[in-house]
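Asker: Below is one structure. I have some questions about it.
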Amino acid sequence: MKRVIVLVVAIVATLGLTAPPATAVPGWETTATTWTNPAARHPRVVDLRYAQHPRFDRVVIRFAGRIPGYRATYHRRFFHDASGLPVPIRGGLQVVLVPAYAHNGAGADVYRGPRLVRPGFPALKGIAMTGDFEGQVSFAFGLRPRRAPYRIFRLDDPQRLVIDFKHT
């Protein structure tokens, strides 16, 4: 019996069937990134919170339903979806959530987070919700420097998308 256990352990170690490591935080990005989630059907964006940490500023977007896909791109200026009106914060990162909605089937808002706020943190200078239009919810993050490194990762229970902006 002892030989069988040793043999099984040796096979498992050889084949790499050991438990996967704990989820690691991704590295810092300085270019556009995207992620898709085909399992997300009608996720609702319900809240956004932000905080300052010793080495980065953090934004957490909370969802009802599965986390939608996203597209993150740097911009010099931001504009509100549909209207095209300028957003009163300087350049930085735009994050577009797809598919995503900040309203329910009757058209009532379900999003309870800030629409425009200026936290004045070391990297994160401004946050604006720039749209809830045609199955996309978008946010603009005013940064200093404008192309501050960022990282995005997902957390469950509740469903959240975390965006960190590195202090430079």
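The values are calculated or read from the model by the stated rules, or taken from the named source; none is laboratory data. Model, not experiment: these values are computed from the prediction. Using ideal geometry, Cβ is built from the backbone for each residue, glycine included, and neighbour counts are taken over all protein chains shown.
Residue by residue, here is whether (1) in contact with a Leu (Cβ under 9 Å, 6 or more places away or on another chain); (2) surrounded by fewer than 18 Cβ atoms within 10 Å (Cβ to Cβ); (3) modelled with pLDDT of 95 or more holds:
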residue: LEU17; (1), (2), (3): no, yes, no
residue: TRP28; (1), (2), (3): no, yes, yes
residue: ALA32; (1), (2), (3): no, yes, yes
residue: THR36; (1), (2), (3): no, yes, yes
residue: GLN52; (1), (2), (3): yes, yes, yes
residue: THR73; (1), (2), (3): yes, yes, yes
residue: TYR101; (1), (2), (3): no, no, yes
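Asker: Could you tell me which numbered condition ALA102 fails, if it satisfies all but one of (1) under 28 Å from THR168 (Cβ atoms); (2) touching a residue at least 40 places away in the same chain (Cβ under 8 Å); (3) not aromatic (Phe, Trp, Tyr)?
Answerer: (1)
Asker: Now for a separate question. Check whether at least one residue in region 129-140 is of a type outside the set (Phe, Trp, Tyr), over 14 Å from HIS80 (Cα atoms) and crowded, with 19+ Cβ neighbours inside 10 Å, and report yes or no.
Answerer: Scanning region 129-140 turns up no residue that is of a type outside the set (Phe, Trp, Tyr), over 14 Å from HIS80 (Cα atoms) and crowded, with 19+ Cβ neighbours inside 10 Å.
Asker: ARG154 versus (1) assigned to a loop (DSSP other than H, G, I, E, B); (2) surrounded by fewer than 19 Cβ atoms within 10 Å (Cβ to Cβ); (3) not polar (S, T, N, Q): which is the lone unmet condition?
Answerer: Here ARG154 meets the rest and fails (1).
Asker: Restricting to region 132-162, name every residue that is among the small types (Gly, Ala, Ser) and on the phi > 0 side of the Ramachandran plot.
Answerer: GLY135
Asker: Sort through VAL87, VAL96, VAL110 and tell me the only one that's within 13 Å of the chain's Cα centre (by Cα) and at pLDDT 95 or above.
Answerer: Among VAL87, VAL96, VAL110, only VAL96 is within 13 Å of the chain's Cα centre (by Cα) and at pLDDT 95 or above.
Asker: Across region 149-163, what is the total count of residues that are within 13 Å of VAL59 (Cβ to Cβ) and in contact with a Pro (Cβ under 9 Å, 6 or more places away or on another chain)?
Answerer: 4
Asker: Here is a further query. Restricting attention to region 69-84, report how many residues are more than 13 Å from the chain's Cα centre (by Cα) and part of a strand (DSSP E or B).
Answerer: 3
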